[in-house]
């Protein structure tokens, strides 16, 4: 990787205190250990809204995890059809995300998001506003996350955390 090339895979933890965002790089490469990512969330009840962990894997898809009510983990995967990737398959299986591999593709074979599209609603990005971002056929997963970060206000912090 040359200094000018962006990371293609990474894991970050995103938290907010008031209006101030904090983005911490957890791994310079995408994590493939789901229990490690779940532990990075911290304990349920660590602030409101709770922090979340995002993994971008090879720019192909991202996974977002966050604590929900009673400490359960809420999960979103930008492309639930990426089952040949270890992390994607684990997320789909562990969180019971339905995947219709027969009907999951549109004419240009783009996959579909799965899981909790309202996972960022408490931050101001409800499902109806998140869906167009995660279903865009013309952008990579890291670009989807960048759009989410811009929308929520942590784009600068994300860029600094994942800079090569």
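Derivation of every value follows stated rules applied to the coordinates shown; laboratory data play no part. Note that this is a predicted model, so its numbers are computed, not measured. Please note: Cβ atoms are built from the backbone with ideal geometry, for glycine as well, and neighbour counts cover all protein chains shown.
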So, with points 7 Å from each Cα along the Cβ direction, the residue 28-residue 156 label distance in nm works out to 2.6
For the stretch 55-101 the mean separation of alpha carbon contacts under 8 Å (6+ apart) over residue count, i.e. relative contact order in percent, is 27
Over its alpha-carbon atoms, the stretch 10-162 yields an Rg and a Dmax in Å of 14.3, 44
Using alpha carbon centers only, the stretch 128-145 is separated from the stretch 10-75 by a whole-angstrom value of 18
Contact order relative to length for the stretch 10-162, counting C-alpha pairs under 8 Å separated by 6 or more residues, stands in percent at 21
The simple spin-label model distance between residue 163 and residue 70, using points 7 Å out along Cα→Cβ, in nm, is 4.4
Simple spin-label estimate for residue 118/residue 137, 7 Å along Cα→Cβ, in nm, reads 2.9
Residue span residue 83 to residue 129: 0.36 nm per residue of separation minus Cα-Cα distance leaves a gain in nm of 14.0 nm
